[in-house]
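Trainee: Below is one structure. I have some questions about it.
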Amino acid sequence: NRRKKKDGNILEIPSIPNPFPELCCSPFASVLSASLLPKATSRKKQLIKVYSEDDTSRTLEVPSDITARDVCQLLILKNHYIDDHSWTLFEQLAHTGLGRALEDHELVMEIQSNWVTEEENKLYFRKNYAKYEFFKKPLSFFPDHMITFPSETNAAVSHSGILQMFLSSSTYPEIHGYLHAKEQGKKSWKKMYFILRRSGLYFSTRGTSKEPRHLQFFCEFSNSDMYMSSTGKKISGAPTNYGFCFKPNKSGGTRDLKQLCADDEQSRTCWMTAVRLLKYGMQLYQNYMQPYQGRSGCSPLNVTPMRSISENSLVAMDFSGHRSRIIENPTEALSVAVEEGLAWRKRGCLRLNSHGSPIAMSNMGMSIHRSQSWFHHKISREEAQRLILQHGLVDGVFLVRDSQSNPKTFVLSLSHGLKIKHFQIVPLEDDGKLFYTLDDGHTRFTDLIQLVEFYQLNKGVLPCKLKHYCARIAL
């Protein structure tokens, strides 16, 4: 009775009118505007399609403000790839044959919004080992004959000093040299002297004069994107294969392109690297440092790969003697690991030989390399150069392919000194056994896998060790 009386008293209290009737939720429609919702719930989801080198693709549903680095991280997780901070998104413009590696901080949806709907432009997911290589070796990217420092700067500039000038807002180095420029509305190209400054790119109307009255503005960077041209010589009649251009963000046609062409790869790399530094400045350095943040302030120049607790408890052991011992010398541990791997390979061959015929084993040895990621079956010399260029002209980027001129031989294509060099792998028969060699038989290998593994550890006759291989990944 007491509870009923209490409930009755509650029911007798007059209802309080709602002072904000417009905020009442209707069962049929939501009255809350999008501006009143939290920012996190207002992020729209959109679909993007990303391709790989073997033309497989994957469609992802991502937020509208996702960056290129976030897309790469998502694909790395979904495909269980190893993150070595070299993965990148590559924008390919099908109609013009232009392409560029997206910066890690760029918004992917903003890039796609500038595409023309009727063009089949694509985003590729691949590795680019040269993305931040200039932070490690700046002097190799800026040759002395192409760079001029401010008058108040000392003649000798350290490695870090060059980058500090590009990232500084007060001083900056000046890049200068000859470039071929395509004349607007014409098919002809003209060689002129260009000067790159923070305000933009200029060319001289009188030889190599840098006087203000002889300098004419060519283009600026804030509202343009820089692309590398792979088909400029074929489509536009460029004098060399080292072309690049500036394309306005809102332009879809070729009439607004500012097309340029360098005489060699070193010159093109210098111009394009300097433009990136002048356009993005400290943002590039932050992108470069981001993978190393949260590691006790370690610098990327001396950072060591992080390992799990279980990995930190592992040591190299030697069981060859009567008593086991710990190998403390890293060089000795590496050599022991190589010897153990070769011994394991020989034992595996003996087991296979005991169950199969020698002919079957030799055929297997001849074709075992086809399953390796670094081997590309029947691709041309031009295709090999294109693949290495896409992965970045860093010393040690390589692939192995079939020779087009001699079907019985193979070719090792290798990047060194901003150039792509090709070395013929010759088969050699001795006492009924087949070997492969790069140095006229002085060093012999039973298969291509042994050859690649050897030159990954030893430079030998090559200009540098094999470091990064070009692989056709699948999504």
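The values are calculated or read from the model by the stated rules, or taken from the named source; none is laboratory data. If you're wondering where the values come from, they're calculated on a predicted model, not measured in any experiment. Here the Cβ positions follow ideal geometry from the backbone for every residue, glycine too, while neighbour counts run over all protein chains shown. Protein only, heavy atoms only, side chains kept; ligands, DNA and RNA dropped before computing areas. Shrake-Rupley method; radii C 1.70, N 1.55, O 1.52, S 1.80 Å.
Trainee: If I go through region 101-145 residue by residue, how many of them are in a loop (DSSP other than H, G, I, E, B), open to solvent by 20 Å² or more (accessible area, probe 1.4 Å) and of a type in the set (A, V, I, L, M, F, W, C)?
Mentor: 3
Trainee: Taking residue 244 and the conditions (1) more than 26 Å from the chain's Cα centre (by Cα); (2) assigned to a strand (DSSP E or B), which numbered condition does it fall short on, given that it satisfies the others?
Mentor: (1)
Trainee: A further question follows. For residues that are in a loop (DSSP other than H, G, I, E, B) and either basic (Lys, Arg) or in contact with a helix residue (DSSP H, G or I) (Cβ under 9 Å, 6 or more places away or on another chain) (or both), tally how many sit in region 418-460.
Mentor: Looking only at that region, the number is 8.
Trainee: What number of residues within region 234-264 satisfy the criterion of being of a type in the set (A, V, I, L, M, F, W, C) and open to solvent by 60 Å² or more (accessible area, probe 1.4 Å)?
Mentor: Total satisfying the criteria: 1.
Trainee: Going through 469, 455 one at a time, which residue ends up being aromatic (Phe, Trp, Tyr) and either in contact (Cβ under 8 Å) with a residue 60 or more places away in the chain or closer than 30 Å to residue 78 by Cβ (or both)?
Mentor: Values: 455 fails: either in contact (Cβ under 8 Å) with a residue 60 or more places away in the chain or closer than 30 Å to residue 78 by Cβ (or both).
On inspection, the qualifying residue turns out to be 469.
Trainee: Being surrounded by fewer than 19 Cβ atoms within 10 Å (Cβ to Cβ), among the basic types (Lys, Arg) and modelled with pLDDT of 85 or more is the filter here; which residues of region 166-204 pass it?
Mentor: Within region 166-204, 190, 191, 197, 198 meet the criteria.
Trainee: Sticking with this one: Regarding residue 462, is this residue modelled with pLDDT of 85 or more, farther than 25 Å from residue 89 by Cα and open to solvent by less than 30 Å² (accessible area, probe 1.4 Å)?
Mentor: The answer is yes for residue 462.
Trainee: Give all pairs with beta carbons closer than 6 Å in which a residue from region 55-84 that is hydroxyl-bearing (Ser, Thr, Tyr) meets a residue that is part of a helix (DSSP H, G or I) and loosely packed, with under 12 Cβ neighbours inside 10 Å; count only pairs at least 6 apart in sequence or on separate chains.
Mentor: Sorted first by the residue in region 55-84, then by its partner, the list stays empty.
Trainee: Residue under question is residue 413, and the condition is that it be under 18 Å from residue 466 (Cβ atoms), of a type outside the set (A, V, I, L, M, F, W, C), in contact with a strand residue (DSSP E or B) (Cβ under 9 Å, 6 or more places away or on another chain) and modelled with pLDDT of 90 or more; does it hold?
Mentor: yes
Condition check ((1) touching a His at 6+ places or on another chain (Cβ under 8 Å); (2) aliphatic (A, V, I, L, M)) across all residues:
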{"site": "99", "(1), (2)": "no, no"}
{"site": "102", "(1), (2)": "no, yes"}
{"site": "107", "(1), (2)": "no, yes"}
{"site": "113", "(1), (2)": "no, no"}
{"site": "119", "(1), (2)": "yes, no"}
{"site": "125", "(1), (2)": "no, no"}
{"site": "128", "(1), (2)": "yes, no"}
{"site": "133", "(1), (2)": "no, no"}
{"site": "136", "(1), (2)": "no, no"}
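Trainee: Can you tell me which of (1) under 23 Å from residue 99 (Cβ atoms); (2) assigned to a loop (DSSP other than H, G, I, E, B) is the one residue 408 doesn't meet?
Mentor: (1)
Trainee: Restricting attention to region 83-99, does a residue exist that is open to solvent by 10 Å² or more (accessible area, probe 1.4 Å), more than 16 Å from residue 122 (Cβ to Cβ) and part of a strand (DSSP E or B)?
Mentor: yes
Trainee: Quick one: would you say residue 386 is within 26 Å of residue 242 (Cβ to Cβ) and over 20 Å from the mean Cα position of the chain (by Cα)? Walk me through it before giving the result.
Mentor: Working: within 26 Å of residue 242 (Cβ to Cβ): yes; over 20 Å from the mean Cα position of the chain (by Cα): no.
So residue 386 does not fit the description; no.
Trainee: Residue pairs, Cβ under 9 Å, 6 or more apart or interchain, first in region 361-375 and part of a helix (DSSP H, G or I), second at pLDDT below 75 and open to solvent by less than 60 Å² (accessible area, probe 1.4 Å). List them.
Mentor: 361/349; 364/356; 365/349
Trainee: Now for a different question. For residue 453, are the conditions met, namely being of a type in the set (Asp, Glu), open to solvent by 70 Å² or more (accessible area, probe 1.4 Å), within 28 Å of residue 125 (Cα to Cα) and in the same structural domain as residue 402 (by the TED database)? Quick ask: steps written out before the conclusion?
Mentor: Working: of a type in the set (Asp, Glu): yes; open to solvent by 70 Å² or more (accessible area, probe 1.4 Å): yes; within 28 Å of residue 125 (Cα to Cα): yes; in the same structural domain as residue 402 (by the TED database): yes.
Against the criterion (of a type in the set (Asp, Glu), open to solvent by 70 Å² or more (accessible area, probe 1.4 Å), within 28 Å of residue 125 (Cα to Cα) and in the same structural domain as residue 402 (by the TED database)), residue 453 qualifies.
Trainee: Tell me which residues, restricted to region 253-291, are closer than 15 Å to residue 224 by Cβ and in a strand (DSSP E or B).
Mentor: Scanning region 253-291 gives 258, 259, 260.
Trainee: I've got another one for you. Mind checking which residues of region 411-431 are within 18 Å of residue 447 (Cα to Cα) and open to solvent by 20 Å² or more (accessible area, probe 1.4 Å)? Explain how you work it out, then say what you get.
Mentor: In the first step, residues of region 411-431 are kept if they are within 18 Å of residue 447 (Cα to Cα); the result is 411-413, 423-431.
Result: 423, 424, 426, 427, 428, 429, 430, 431.
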